[in-house]
Amino acid sequence: MEANDVMNSELRSPRALAESPLYMLRRALRIYTAEWHRLHGALTPPQGAVLLTLRENPGLTQSQMGDLTGIDLATLTPLLRGLEERGQLTRLTAPDNRRRKVLQLTKEGAELVDFINKTSASLDEAVLGDLPQEHRDALMSALTHIAGRF
């Protein structure tokens, strides 16, 4: 088969990939992330998760934030530093342990959380719009089950 034949034929993912939950999750996440960036610009989904979590749990330590968001500390530390540099949160030294940092949302961070909350429904609708509610519920149930197992 020549190169043009391959380019002109209908391309498909290998069956093993098309039937792989991991592969399909990666593809779905890629679509979701692209829509997230369209709505939120330079703010990444993990940054959004940190801000949303901090709004619900003011005064978390960095370690607690990592536990709640599932972001490892090696990734979380520079992420927090960037949010702090942009004025969206503060990292204060804990009075009882100078090595521990306590996180607080700033006014700018709170305004960004408000924007994220306003756009979350349109984000879900853009990605899941034609998926019936019972399928959405099943998807969330399955993902919650998987996430809770580990």
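Read-outs: derived from the displayed coordinates by stated rules, not from any lab. All of these numbers come straight from a predicted model, not from anything done at the bench. Glycine gets a Cβ as well: all are built from the backbone with ideal geometry, and neighbour counts include every protein chain shown.
Some observations on this one:
- Whole-number percent relative contact order across the chain, with pairs defined as alpha carbons under 8 Å at least 6 apart: 20 percent
- Value of Rg to Rh for the chain, rounded to two decimals, is 1.09; Kirkwood radius and Rg both from alpha-carbon coordinates.
- The convex hull of the Cα atoms of region 88-138, projected and averaged over all directions, covers 5.8 nm².
- Prolate/oblate/rounded call for region 15-58, Cα gyration tensor, a/c under 1.5 rounded: oblate
- Long-range amide H partners of residue 106 with built H, under 5 Å: 89, 90
- Charge dipole magnitude, Cβ of K and R +1, D and E -1 - the chain, Cα centre, debye nearest 20: 720 debye
- Nonlocal amide H pairs with residue 100, under 5 Å, H built at 1.01 Å: 94
- Relative contact order %, region 79-138, counting alpha carbon pairs below 8 Å whose residues are six or more apart: 22 percent
- Of 16, 74, 42, the one that fluctuates the most in a GNM where the chain has Cα springs shorter than 10 Å: 16
- Interchain or long-range residues, amide H under 5 Å from residue 60's placed H: 103
- In order through region 110-115: 3J(HN,Hα) via Karplus (6.51 cos²θ - 1.76 cosθ + 1.60), integer Hz, x for Gly, Pro: 5, 5, 5, 4, 4, 5
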